[in-house]
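Structure record follows, encoded as structure tokens.
The values are calculated or read from the model by the stated rules, or taken from the named source; none is laboratory data. Because the structure is predicted, anything quoted here is derived from the model rather than measured. Here Cβ is always computed from backbone atoms with ideal geometry, including for glycine, and neighbour counts include all displayed protein chains. Remember, those area values only see protein heavy atoms, side chains included, never the ligands or the DNA or RNA. Shrake-Rupley method; radii C 1.70, N 1.55, O 1.52, S 1.80 Å.
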Amino acid sequence: MQDKQKKAAAVGTVAAPARPIDARHFRTVLGNVPTGVVAVTATGSEQEPVGMIVGSFTSVSLNPPLVSFLADSLSSTQAKLQAAGRFCVNVLAADQERLCRKLAARGSARFDGVRWAPSALGNPVIEGIVAWIDCTIDTVIEIGDHHLIVGRVRELHTVSDRTPLLFFRGSYGDYLSNADRLLDRLLDWR
Ligand SMILES: Cc1cc2nc3c(=O)[nH]c(=O)nc-3n(C[C@H](O)[C@H](O)[C@H](O)COP(=O)(O)O)c2cc1C
């Protein structure tokens, strides 16, 4: 048994040939993994709303309640989120693609015309979303060219039964439940 374990460990340590990975190829292959789309928001030094669209959001731990996302180290918004020491995760609804594109665009006009109200922590909660998760920043870890930002959940709510906005192979989409797909097949709509 011990020998087997040693052998497995030895196989695991065989170094893969150091081949550079092409950035476009990396993005294309990783684009096969569908993600949710959330807007991570806070307020800046003048109490103005700040935020960015994130596909890397995930829950981390129930006890203590932790969630996380990965932010590009070069993102100016992630620096503002870190300075605020808190953030709110706004889970976007499938009919909020336009809002998503606006919040992902470069520049300072991201929140122009966007309706929101402050959470108890002071983070923007955007109108029309599916759910929100309000956090204080617990831990920040530098990984490669990103920061893993871990939030301690302080309050969270589902506010709508709309379906969430999804991102897959470079496009936005809506969630179709198995029942929807079954109906499609039965009625031969495809
Ligand atoms: C669907 C989608 C998912 C994204 N996911 C992430 C992400 O997980 N992390 C990240 O740093 N940027 C992500 N971005 C890019 C940011 O939304 C945004 O472009 C970036 O914050 C712009 O940099 P700035 O904050 O300096 O303005 C994503 C963009 C889109 C459209």
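Can you pull out the residues in segment 167-176 that are of a type outside the set (Phe, Trp, Tyr) and open to solvent by 50 Å² or more (accessible area, probe 1.4 Å)?
Answer for segment 167-176, where residues must be of a type outside the set (Phe, Trp, Tyr) and open to solvent by 50 Å² or more (accessible area, probe 1.4 Å): Arg169, Gly170, Ser171, Asp174, Leu176.
Quick one: Gly107 ticks every box in (1) modelled with pLDDT under 95; (2) within 20 Å of Ser119 (Cα to Cα); (3) not hydroxyl-bearing (Ser, Thr, Tyr) except a single one, so which number is it?
Exception for Gly107: condition (2).
Please go through segment 65-97 and pick out each residue that is in a strand (DSSP E or B), among the small types (Gly, Ala, Ser) and more than 12 Å from the ligand (Cβ to nearest atom).
Ala93 - this is the single residue of segment 65-97 that is in a strand (DSSP E or B), among the small types (Gly, Ala, Ser) and more than 12 Å from the ligand (Cβ to nearest atom).
Can you tell me which residue in segment 124-150 is farthest from the ligand (Cβ to nearest atom), limited to those that are outside any strand (DSSP E or B) and within 15 Å of Phe69 (Cβ to Cβ)?
Gly144
Can you pull out every residue in segment 32-55 that is farther than 24 Å from Gly107 by Cβ and either more than 10 Å from the ligand (Cβ to nearest atom) or open to solvent by less than 20 Å² (accessible area, probe 1.4 Å) (or both)?
Asn32, Val33, Pro34
Please pick out the residue among Leu156, Leu121 that is in contact (Cβ under 8 Å) with a residue 12 or more places away in the chain, open to solvent by 30 Å² or more (accessible area, probe 1.4 Å), away from the ligand (no atom under 13 Å from the Cβ) and in contact with a Lys or Arg (Cβ under 8 Å, 6 or more places away or on another chain).
Leu121
Counting only residues that are within 16 Å of Ile53 (Cα to Cα), part of a loop (DSSP other than H, G, I, E, B) and not basic (Lys, Arg), how many does segment 105-123 have?
8
Being of a type outside the set (Lys, Arg) and surrounded by fewer than 18 Cβ atoms within 10 Å (Cβ to Cβ) is the filter; apply it to segment 98-110 and report the residue that is nearest to the ligand (Cβ to nearest atom).
Ala104
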